[in-house]
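One structure is given here, and the rest of the page talks about it.
Read-outs throughout are calculated quantities, based only on the coordinates presented, and are distinct from any laboratory measurement. Just so we're clear, the structure is a prediction, and the values are computed from it rather than from any experiment. With ideal geometry, Cβ positions are generated from the backbone for all residues, glycine too; neighbour counts draw on all protein chains shown.
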Amino acid sequence: MTDKQSWGIIGGGILGMTLALRLKNAGYNVTIFEASSKAGGLTSSWEIDGIVWDRFYHVILMSDLNTRKIIQEIGLENDINWVETKTGFYSGGKLYSMSNIFEFFKFPPINLVDKFRLGLTIFVASKIKNWQKLEKVHVSDWLTRWSGKQVFDKIWLPLLKAKLGDNYKNTSAAFIWSTIQRMYAARKSGLKKEMFGYVNGGYNVINDKFARHLIEMGVDFKLNSSVSQIKPLKDGSISLQTAGTEQYEFDHVVSTLSPGQSVNIADTLPELEKEKHRSVKYLGVICPSVLLSKAISPYYVTNITDTGTPFTGIIEMTALINKDKELKGRNLVYLPKYVNPEDNLFESSDDEIRKIFLGTLLNMYPQLSESDVLYFGVAKARIVFALPTIGYSNSLPGIQTSINNFFIVNSAQILNGTNNVNETIQVAETKLKIILNDLNKTK
Ligand SMILES: Cc1cc2nc3c(=O)[nH]c(=O)nc-3n(C[C@H](O)[C@H](O)[C@H](O)COP(=O)(O)OP(=O)(O)OC[C@H]3O[C@@H](n4cnc5c(N)ncnc54)[C@H](O)[C@@H]3O)c2cc1C
């Protein structure tokens with residue numbers, strides 16, 4: 001690094017913190033603006049009934065090398081636990097284990113020929129390298145071609161609807177490709193076992209340590225600082241204003257907010273450019289955390305192929321983490337539902353959601369009764385992941401905006417992966433390299 005240029009980063013989630021880390025490594029002055037009172041964004045934690053855990057379920061895969069590198073850099077590598085987990089399927093009112101190839105062949109809802117086609121589809125997707133081609137095909141067409149109509153209707157369609165709602169109709173086959181790639185990576189080669197990891201204390205500990213690490217390196221980490229506007233100044237620098245009407249100036253500013261949110265705080269961008277960013281559609285999530293007095297299954301993930309359940313799947317966190325150490329012996333189950341950002345459920349109270357979600361859970365697990373439910377709290381996020389629509393990567397706006405020195409780097413730029421921390425770090429690191437290279441060229 002040759003000079004001490006200043007950088008303002010908007011958003012103190014994983015993406016913003018990674019950018020700050022790499023900019024600080026390169027010797028720049030960095031300030032992060034985070035709207036909420038703590039670091040971490042979607043990975044941040046909350047306190048439920050006296051215990052602190054992630055608002056949204058998170059695991060680390062062995063193949064998440066970017067995540068593991070950051071964990072190592074902030075000094076938490078000895079705090080990762082690796083656990084062999086199992087996957088369940090809830091189908092036709094029954095719960096099945098689908099954790100290995102033998103169980104797959106015993107899975108009753110589809111016949112042997114269909115099982116073969118389902119297995120073939122997964123195998124083919126795991127081998128495909130040219131994901132750009134898949135971006136041109138509808139996910140439903142691609143899956144029907146490989147799996148057949150029967151398997152599509154019985155297995156894939158409920159799973160697609162669960163994750164995407166009716167948006168599956170505009171989603172490309174790149175979506176299922178990246179999901180299968182990640183699922184494959186989760187299984188160790190040879191034994192094909194699913195090994196998932198978590199850090200003691202969850203993402204609460206990772207985020208705290210990450211933020212402290214940055215502060216110790218000299219990053220100015222401003223919490224409770226929602227950015228309301230950025231403007232270009234005559235000398236090429238950027239003025240940044242927070243909702244508290246405080247004013248700052250930086251040589252460069254990077255927004256890590258979604259495309260739509262990023263252009264909403266940059267009034268001087270041309271309308272056409274704003275429209276391009278706003279046309280990137282995101283999905284949100286409604287995600288109840290339920291504390292139970294007993295376990296409901298041995299599965300970390302239970303996929304649901306029955307239609308009509310109000311939630312997308314079931315994540316039993318305590319099938320992964322040590323409940324005595326982390327959760328005072330309670331069992332934690334998440335009941336996520338992925339929805340459009342304008343879905344009415346965002347306006348529903350926790351009690352209303354509890355009525356809809358819990359009734360179904362109790363029906364699905366007859367051994368469970370209302371008295372086993374110790375706590376029910378709902379986390380919500382309207383902006384979670386960008387929908388991989390047909391031709392997505394071609395329609396995506398670039399990172400350089402028409403305001404010099406104002407960049408937009410966000411999770412929408414994950415092109416060949418699912419939305420996860422590992423890919424988020426990858427986007428931050430690769431896009432920052434491009435930005436710095438371009439800036440060096442113009443010097
Ligand atoms: C239900 C769920 C389950 C998940 N499971 C996993 C998993 O198992 N494994 C995994 O690796 N990943 C998982 N993820 C994905 C992971 O959480 C995200 O990929 C990652 O956290 C995205 O980070 P980000 O920094 O891009 O965005 P965010 O975390 O959304 O960060 C953006 C930040 O900007 C802040 N902000 C917003 N507006 C302003 C403003 N005007 N001014 C200043 N700050 C602002 C927000 O408060 C937020 O902190 C999951 C996500 C969800 C929702």
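Points worth noting:
- 0 to 90° range, to nearest 10: angle between helix 421-442 axis and the chain longest Cα axis: 20 degrees
- Highest mobility in the GNM of the chain, judged by mean-square fluctuation with C-alpha springs under 10 Å and restricted to 80, 155, 51, is found for 51.
- Point-charge dipole on Cβ atoms (K/R +1, D/E -1) for the stretch 101-185, about Cα centre, debye to 20: 160 debye
- Euclidean distance between Cα centres, the stretch 378-392 to the stretch 315-339, Å: 23 Å
- Per residue of the chain, the DSSP helices (runs of n ≥ 4 H) give a summed -39500 (n - 2.57) that works out to -10000 deg cm²/dmol at 222 nm.
- With neighbours defined as other Cβ atoms within 10 Å of a residue's Cβ, the residues 256, 144, 67 order from fewest to most as 144, 67, 256.
- Charge tally for residue 64 (other residues, Cβ to Cβ under 10 Å; Lys, Arg +1; Asp, Glu -1): +2.
- For the chain, built as a Gaussian network whose Cα springs stay under 10 Å, the top-fluctuating residue of 218, 313, 88: 218
- Positive-end residue of 394, 56, 228, charge dipole of the chain with Cβ unit charges: 394
- Longest site-free stretch - the chain; sites: GluC sites (Glu not before Pro), DSSP loop, at most 13 other Cβ within 10 Å: 1-245
- Fully extended contour minus Cα-Cα distance, from residue 355 to residue 215, at 0.36 nm per residue: 46.1 nm
- Gap separating the Cα centres of the stretch 101-169 and the stretch 247-267, nearest whole Å: 39 Å
- Distance histogram in 20 Å bins (all Cα pairs of the chain, percent per bin): 24, 57, 19, 1
- Residues 364, 195, sorted so that the one with the fewest Cβ neighbours within 10 Å comes first: 195, 364
- If you run the Gaussian network model on the chain, springs between alpha carbon atoms under 10 Å, then out of 374, 358, 320 the most flexible one is 374.
- Positive minus negative residues near residue 240 (Lys, Arg vs Asp, Glu; Cβ under 11 Å): 0
- Summed residue charge, Cβ within 15 Å of residue 157's Cβ, Lys/Arg positive, Asp/Glu negative: +2
- Here the chain is treated with +1 on each Lys and Arg Cβ and -1 on each Asp and Glu Cβ, and its dipole about the Cα centre works out to around 1520 debye.
- One Cα centroid belongs to the stretch 221-241, the other to the stretch 56-93; the line between them spans 36 Å.
- Vicinal HN-Hα couplings computed from phi for the stretch 55-65 (Karplus, 6.51 cos²θ - 1.76 cosθ + 1.60; Hz; Gly/Pro x): 5, 10, 4, 9, 10, 10, 8, 4, 7, 7, 5
- Cα shape, the stretch 37-102, gyration tensor, a/c 1.5 rule: oblate
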